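Student: If you scroll down you'll find the structure; I have some questions about it.
The values are calculated or read from the model by the stated rules, or taken from the named source; none is laboratory data. Nothing here was measured: the structure is a model prediction, and the numbers come from that model. Positions of Cβ are backbone-derived with ideal geometry, glycine not excepted, and every protein chain shown enters the neighbour counts. With ligands, DNA and RNA removed, areas are computed over all heavy atoms of the protein, side chains included. Shrake-Rupley method; radii C 1.70, N 1.55, O 1.52, S 1.80 Å.
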Amino acid sequence: MIAENLKCILKEIPAGVTLVAVSKTKSVSDILEAYSAGQRDFGENKIQEMVGKYEQLPKDVRWHMIGHVQTNKIKYMASFVSLIHGVDQEKTLLEIDKQAKKYRRIIPCLLQVKIADEDTKFGFHPDEVATLLNSDFLKKLPNTKVVGLMGMATFTEDTAQIKSEFHFLKSLFDKWKDTYSWTTLSMGMSQDYATAVASGSNMIRVGSKIFGSR
Ligand SMILES: *Cc1c(COP(=O)(O)O)cnc(C)c1O
């Protein structure tokens, strides 16, 4: 089932789009089933859960932290995390840099931008992203590399609204991508990844459509 779901999704999306299989709350054996089908990028939203799975799974898995990042837990994932999607505060960047330094590595990150019309979603306001990029804050963090943006659309049936939110995030990405050599625009989940890809996403985070409902 998991393998078939993966195959279906991969058939639908262009080759340049990376599929992150969101395995939060799912078992190691579910993840292994996806791994056996060739999947290597997995997303988790809790650092400790990700660390536990990292320890049990093959070391060529690329682990994506897609949830809100608790600063005091960054140290547990700093040695192995592939990409941190949910960076939404300067203090998170400071701590990522500090921990990355300990492992002599550079940790790739995405700035999460609040695009949804909801109070609950984390993220920088677009103006805050501009301020951050125009300051020399990031230049002082040699072990952290911002490689793009991440966003979540409003949870709604209104496709036009979702589309407009994704288009907005894509326009921000395009505005800065050449200047900062950005590579990654992470947007789209089970319900809206087709819209996200049509809007220019090149990384989708899909959970329930692969592993079933949580
Ligand atoms: C859970 C989660 C997903 C995946 O959600 P599905 O609807 O199951 O595809 C994607 N992104 C984030 C940030 C999540 O927390």
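Student: Could you tell me whether segment 90-102 includes any residue that is β-branched (V, I, T) and surrounded by 15 or more Cβ atoms within 10 Å (Cβ to Cβ)?
Tutor: The first filter runs over segment 90-102 and keeps only residues β-branched (V, I, T), leaving 92, 96.
Checking the rest, the ones that are also surrounded by 15 or more Cβ atoms within 10 Å (Cβ to Cβ) come to 92, 96.
Scanning segment 90-102, I find at least one residue that is β-branched (V, I, T) and surrounded by 15 or more Cβ atoms within 10 Å (Cβ to Cβ), so the answer is yes.
Student: Is there a residue in segment 168-184 that is out of contact with any strand residue (DSSP E or B) (no Cβ under 9 Å at 6 or more places or on another chain) and among the aliphatic types (A, V, I, L, M)?
Tutor: no
Student: Given the options I74, I106, name the one that is over 27 Å from Q191 (Cβ atoms), open to solvent by 60 Å² or more (accessible area, probe 1.4 Å) and aliphatic (A, V, I, L, M).
Tutor: Details: I74 fails: open to solvent by 60 Å² or more (accessible area, probe 1.4 Å).
None of the other options fit; the residue is I106.
Student: Moving on. Condition (residue is in contact with a Leu (Cβ under 6 Å, 6 or more places away or on another chain), surrounded by 15 or more Cβ atoms within 10 Å (Cβ to Cβ) and in a loop (DSSP other than H, G, I, E, B)) applied to segment 14-37: is it met by at least one residue?
Tutor: Yes, the conditions are met somewhere in segment 14-37.
Student: Step by step: first the residues of segment 69-88, then only those that are closer than 25 Å to S36 by Cβ and in contact with a Pro (Cβ under 8 Å, 6 or more places away or on another chain), then the one that is farthest from the ligand (Cβ to nearest atom). Which residue is that?
Tutor: Selected residue: S82.
Student: Do we have any residue at all in segment 55-68 that's assigned to a strand (DSSP E or B) and either among the basic types (K, R) or touching a Pro at 6+ places or on another chain (Cβ under 9 Å) (or both)?
Tutor: Of the residues in segment 55-68, the ones assigned to a strand (DSSP E or B) are 62-65.
Then keep just the ones that are either among the basic types (K, R) or touching a Pro at 6+ places or on another chain (Cβ under 9 Å) (or both); that gives 62.
Scanning segment 55-68, I find at least one residue that is assigned to a strand (DSSP E or B) and either among the basic types (K, R) or touching a Pro at 6+ places or on another chain (Cβ under 9 Å) (or both), so the answer is yes.
Student: Can you pull out the residues in segment 38-65 that are open to solvent by less than 50 Å² (accessible area, probe 1.4 Å) and aromatic (F, W, Y)?
Tutor: Listed by number, the residues that qualify are F42, W63.
Student: On to the next question. Within segment 155-214, take every residue that is acidic (D, E) and within 16 Å of the ligand (Cβ to nearest atom) and give me the one that is most open to solvent (accessible area, probe 1.4 Å). Spell out the reasoning first.
Tutor: Pass one, segment 155-214, residues acidic (D, E): 157-158, 165, 174, 178, 192.
Checking which are within 16 Å of the ligand (Cβ to nearest atom) leaves us with 157, 165, 192.
Numbers: E157: 173, E165: 15, D192: 16 Å².
Step by step, filter segment 155-214, then rank; the result is E157.
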